[in-house]
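K.L.:
Next up is a structure, given as C-alpha cells.
The values are calculated or read from the model by the stated rules, or taken from the named source; none is laboratory data. In this text the structure is predicted, and so the values were computed from the model without any measurement. When we count neighbours, we look across all protein chains shown, and the Cβ atoms used for this are built from the backbone with ideal geometry, even at glycine. Side chains included, ligands, DNA and RNA excluded: accessible areas come from the protein's heavy atoms. Shrake-Rupley method; radii C 1.70, N 1.55, O 1.52, S 1.80 Å.
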Amino acid sequence: MTAPDPTCSRCGRARATETDPLATLAWVSTKENGHQRWLCPDCARNHVRDIEGKLPDEYW
C-alpha cells in the first residue's frame with residue numbers, strides 16, 4: 001500500500017502536478033497535533049513571510 005501523494009494544506013495543490021524536480025523537493029512537511037501537513041513551495045514562502053511580518057522590529 002502506497003501513501004497518497006501530498007496536497008498543500010493551504011491551497012490544495014497536489015505535489016504530483018509538479019513538473020520541476022526541484023519544486024517537488026521544495027515542499028515542506030510539518031507535524032501538528034499528530035497529523036502530517038504539507039505546504040507547497042509558494043504557500044511555504046508566503047507562510048514564512050507572514051511569520052516574519054509579525055516579528056517585532058527589535059528582532060531585525
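K.L.:
What number comes out for accessible area per residue over the chain if the probe is 1.4 Å? Units Å², please.
P.N.:
82
K.L.:
So how tilted is helix 41-54 from the main axis of the chain? Cα-based, degrees 0 to 90, rounded to 10.
P.N.:
Result, in degrees: 20.
K.L.:
Using label points projected 7 Å from each Cα along Cα→Cβ, tell me how many nm separate Asn46 and Ser29, to one decimal.
P.N.:
With each label point 7 Å from Cα toward Cβ, the separation is 2.4 nm.
K.L.:
Return one quarter of the surface area of the convex hull spanned by the alpha-carbon atoms of the stretch 15-59, equal to its mean projected area, in nm².
P.N.:
It is 4.3 nm².
K.L.:
Follow-up question, since we're still on this one. For a quick check: with amide H placed at 1.01 Å from N, whose amide H comes under 5 Å from Arg10's, ignoring anything fewer than 5 positions away on the same chain?
P.N.:
Cys40
K.L.:
With a 1.4 Å probe and every protein chain kept in, tell me what percent of the accessible surface of the chain is carbon plus sulfur.
P.N.:
Working: 2630 of 4910 Å².
Roughly 54 percent of what the probe reaches on the chain is carbon or sulfur.
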